[in-house]
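Colleague: So that we are looking at the same thing, I have put the structure below in structure tokens.
Please treat every number below as a calculation from the coordinates, not as lab data. Here the structure is a predicted model, which means the values were calculated and not measured. As a convention, Cβ positions derive from the backbone with ideal geometry for all residues, glycine included, and neighbour counts pool all protein chains shown.
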Amino acid sequence: RIVYVNGRYVPYAEASVHIDDRGFQFADGVYEVCEVRDGRIIDEPRHFARLKRSLDELKMAAPMNEACLSVVLTEVLHRNRVRSGLVYLQVTRGVARREFFFPADDVPPTLVVTARSVDPLKGESVAAEGIRVVTVPENRWERVDIKTTGLLPNVLAKMQAKAAGAREAWFVDRDGFITEGGSSNAWIISEEDVLITRPAESGILRGVTRTTLIDLARKEGLKVEERAFTVTEAKVAKEAFITSATTIVTPVIELDSAAIGGGKPGPLVKRLRSGFHAIAA
Ligand code: PDD
């Protein structure tokens, strides 16, 4: 297995970053996860646009331009013979003696790229069954719109889900509205087949899969309402699902032990899942 670290392609076992890397010291880094299908990176332009936004919001330098970054991602996929799976990239503010203030401008950012194969059948069997979700109080900072590696609240939320026999946790804000999942966006479908998902401007990460799914739904003549929804509303929804680069569109069949859609994946979610790759760039 080969990974890319700061200009070199190295064996996984030999790959390392410095102990004073700000990613390690402060979670002072951003990342992207992209799906790979038939050897192609899905929605790469949208992932690059979001990466640029994350970097800009944190006043972090880009490690290289997008054309070069694309070459590195493709090279890592090739060297690992990944046809279907995931490619991961992480940029940190680089290596400097531990000090809260940003280092000098001449400190280069750290770039790490890894890839791995994932059996597509695995995702299909999870989606065929549907997943359980539990709710947890929203306890993250206000800049969850930035895709930073500071994911400890997400890790703890997902561990809580796991302990309850669920696969994802949905954060709930103080007013009882669901924000998003630990590593995915949250959706429900109303009795009238309207897709409902929280506006990207308030308390969530603007998921690339979310954006592409909105395009797909509208193209199929479905109504999409970007508005917050409550736990109570979700529990009586016709269908519910999550989106992310790792799960694409995966049905939610249970929320805090309340069955959704009779505890089985519904027809509309199935249709959206199968239509996704026809539209994803
Ligand atoms: N997570 N919200 C959060 C908090 C996420 O971490 C993610 C993705 C999403 C969905 O975004 P996208 O559709 O662009 O994958 C929403 C990735 C997959 C991860 O951390 O592994």
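Colleague: Taking a quarter of the surface of the Cα convex hull of segment 2-118, what do you get in nm²?
Modeller: 7.0 nm²
Colleague: When the chain is fully extended, how far beyond the present Cα-Cα distance does Thr149 get from Cys68, taking 0.36 nm per residue of separation?
Modeller: Contour length minus the Cα-Cα distance gives 26.9 nm.
Colleague: Sticking with this one: Quote to one decimal, in nm, the extra length available between Arg206 and Asp56 on full extension: 0.36 nm per residue of separation minus the C-alpha distance between them.
Modeller: Contour length minus Cα-Cα distance gives 52.5 nm.
Colleague: Rg(Cα) of segment 26-83 divided by 2.2 N^0.38 Å?
Modeller: That ratio works out to 1.20.
Colleague: Please list log₁₀ I(q)/I(0) at q = 0.10 Å⁻¹ for the chain, using the Debye equation with identical point scatterers on the alpha-carbon positions.
Modeller: -0.54
Colleague: Relative to the longest principal axis of the C-alpha atoms of the chain, give the angle of the C-alpha long axis of helix 208-219, reported between 0 and 90° and rounded to the nearest 10°.
Modeller: Relative to the chain, helix 208-219 is tipped by roughly 40 degrees.
Colleague: What is the extension gain from Ala49 to Ser16, computed as 0.36 nm multiplied by their sequence separation minus the C-alpha to C-alpha distance, in nm to one decimal?
Modeller: Residue separation times 0.36 nm, minus the Cα-Cα distance, leaves 9.2 nm.
Colleague: Between Arg93 and residues 5 or more places away or on another chain, which pairs have amide H atoms under 5 Å apart, with H built 1.01 Å from N, and which residues are they?
Modeller: Arg22, Gly23, Thr110
Colleague: Based on Cβ point charges of +1 for Lys and Arg and -1 for Asp and Glu, what charge dipole magnitude is obtained for the chain about its Cα centre, in debye rounded to the nearest 20?
Modeller: 620 debye
Colleague: Taking the alpha-carbon set of segment 123-279, what are its Rg and Dmax in Å?
Modeller: Using the Cα atoms of segment 123-279, the pair Rg, Dmax is 14.1, 39 Å.
Colleague: Quick one: among Ala61, Ala163, Ala127, which has the greatest mean-square fluctuation in a GNM of the chain with alpha-carbon springs under 10 angstrom?
Modeller: So, out of Ala61, Ala163, Ala127, the one fluctuating most is Ala163.
Colleague: Another question about this same structure. Go ahead and estimate [θ] at 222 nm for the chain from helices alone: -39,500 (n - 2.57) per DSSP H run with n ≥ 4, summed, over the residue count, rounded to 500.
Modeller: -9000 deg cm²/dmol
Colleague: While we're on this one: Relative to the first principal axis of the alpha-carbon coordinates of the chain, what is the inclination of helix 267-279, with its axis defined by its Cα atoms, in degrees from 0 to 90 and to the nearest 10?
Modeller: Rounded to the nearest ten degrees, it is 30.
Colleague: Among the lysines, which have Cα under 22 Å from the Cα of Lys235 when same-chain residues fewer than 8 positions away are ignored?
Modeller: Lys158, Lys162, Lys223, Lys264, Lys270
Colleague: Got a sec? Which residues in segment 107-128 would a label at Arg81 touch, if it sits 7 Å along Cα→Cβ and we count backbone N under 20 Å?
Modeller: Flagged as within label range: 114-122.
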